[in-house]
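Participant: Pasting a structure below so you can have a look.
The values are calculated or read from the model by the stated rules, or taken from the named source; none is laboratory data. Source: prediction; values computed, not measured. Cβ placement follows ideal geometry from the backbone for every residue including glycine, while neighbour counts extend to all protein chains displayed.
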Amino acid sequence: MHPRNIRPWLARYGLLLALVGISLALSLAKPGFLTVSNLINVIRQISINGILAVGVTYVLLTGGVDLSLGSLVALSGVAAACWAHPGEYPVVVPVLIGVLAGALCGAANGAVITWGRVAPFIVTLGMMTVARGLALVISGGRPVSNLSRAFTTLGSADLLGIPVPALILAAVALASHLCLRHLRVGRYVYAVGGNEFAARASGINVVGVKLFAYTVCGACAGLAGVVLASRITTGQPNAGLAYELDAIAAVVIGGTSLSGGVGGVGGTLLGALLMGVINNGLDLLNVSSYYQQIVKGLIIVGAVWLDKRSTK
């Protein structure tokens, strides 16, 4: 096969091959890696990062970025936990409050970025601090505990052997895939990321599209915060530290360009799964968490480098 023909083939299937190769290598190094219980554990572990990654895919496709995800996870988890005490409200109430808290913060990001014409990096960096501060204020700096069993079931229960958080991720990913590929607003997201000036000239409401992307991203962060609070059975104001880095890394590894206009949910899920497999494998190999941080940083830099190479 000619090298020119190999490049597009690798671009399409390279990530899947890397996932299979790493999984086989880990199974040889640790036979327990490919057991059903461990694979289910991997799926459970990547669920929160996967939900965040799907949300930030919208933003990256428009050519933006969101650094506030981790803080939104904390704020949404605390907000949901405050309404999730036993016997007070149905479980749907804290869930909706958590998602709404994230969506409002995302919409605020989008509003300042579009109408205020401030760089996304600066706006979301500011929101990262504001949301973390709000989480501390609402919780009084202490974990919000005594949550109802119905609420904690969301993050810990299984349905037909599949973790509920994984089912939530699957639903979010499917809805996002259908939105981005088959709805008009999804096509507009790609158009704005591909060439914002051409999109505006063709009559697309660029401001509305960006507001939509950041709001969806915030809502996904809110949902991830609810799932995390349910899983750890408390609303932690210090939760979600550096979660935005894992989410953005998963999206970029999955083939979404930082320049916008290229990528999709399918690649994002593969990227999140690859990072989850690597983290799980390093844990099984008893690699120190210090070295794991180094590996994760190298993966992020490598993914960005490959993205820049592919866009030249």
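Participant: Here are the criteria: (1) surrounded by 24 or more Cβ atoms within 10 Å (Cβ to Cβ); (2) touching a Phe, Trp or Tyr at 6+ places or on another chain (Cβ under 7 Å). Tell me which single one Gly261 does not satisfy.
Facilitator: Failed condition: (1).
Participant: So which residues in region 131-149 are free of Cβ contacts under 8 Å to residues at least 60 places away in the same chain and either assigned to a helix (DSSP H, G or I) or among the polar types (S, T, N, Q) (or both)?
Facilitator: Within region 131-149, Gly133, Leu134, Val137 qualify.
Participant: Quick check on region 78-89. Is at least one of its residues within 30 Å of Gly266 (Cα to Cα) and crowded, with 21+ Cβ neighbours inside 10 Å?
Facilitator: Yes, region 78-89 contains at least one residue that is within 30 Å of Gly266 (Cα to Cα) and crowded, with 21+ Cβ neighbours inside 10 Å.
Participant: Related question: Are any of the residues in region 48-64 assigned to a helix (DSSP H, G or I), within 30 Å of Ser148 (Cα to Cα) and touching a Lys or Arg at 6+ places or on another chain (Cβ under 9 Å)?
Facilitator: Among the residues of region 48-64, at least one is assigned to a helix (DSSP H, G or I), within 30 Å of Ser148 (Cα to Cα) and touching a Lys or Arg at 6+ places or on another chain (Cβ under 9 Å), which makes the answer yes.
Participant: Can you tell me how many residues in region 57-73 are surrounded by fewer than 24 Cβ atoms within 10 Å (Cβ to Cβ) and of a type in the set (Val, Ile, Thr)?
Facilitator: The qualifying residues number 1.
Participant: When you go through (1) farther than 30 Å from Ile43 by Cα; (2) over 18 Å from the mean Cα position of the chain (by Cα) one by one for Ile232, which number turns out not to apply?
Facilitator: So Ile232 meets the others, but not (1).
Participant: Could you list all residues from region 171-209 that are in contact with a Ser or Thr (Cβ under 9 Å, 6 or more places away or on another chain) and more than 22 Å from Gly110 (Cα to Cα)?
Facilitator: Answer for region 171-209, where residues must be in contact with a Ser or Thr (Cβ under 9 Å, 6 or more places away or on another chain) and more than 22 Å from Gly110 (Cα to Cα): there is none.
Participant: Then there is this: What is the number of the single condition among (1) part of a helix (DSSP H, G or I); (2) without any contact (Cβ under 8 Å) to a residue 12 or more places away in the chain; (3) surrounded by fewer than 18 Cβ atoms within 10 Å (Cβ to Cβ) that Gln292 does not meet?
Facilitator: The failed condition is (2).
Participant: Separate question: Which condition breaks for Asp307 when tested against (1) touching a Gly at 6+ places or on another chain (Cβ under 9 Å); (2) modelled with pLDDT of 80 or more; (3) not in a loop (DSSP other than H, G, I, E, B)?
Facilitator: (2)
Participant: Check every one of the helices (runs of 4 or more DSSP H) wholly within region 159-211 and list those with 2 or more residues that are in contact (Cβ under 8 Å) with a residue 60 or more places away in the chain and not hydroxyl-bearing (Ser, Thr, Tyr).
Facilitator: Passing ranges, in order: 164-182, 184-194.
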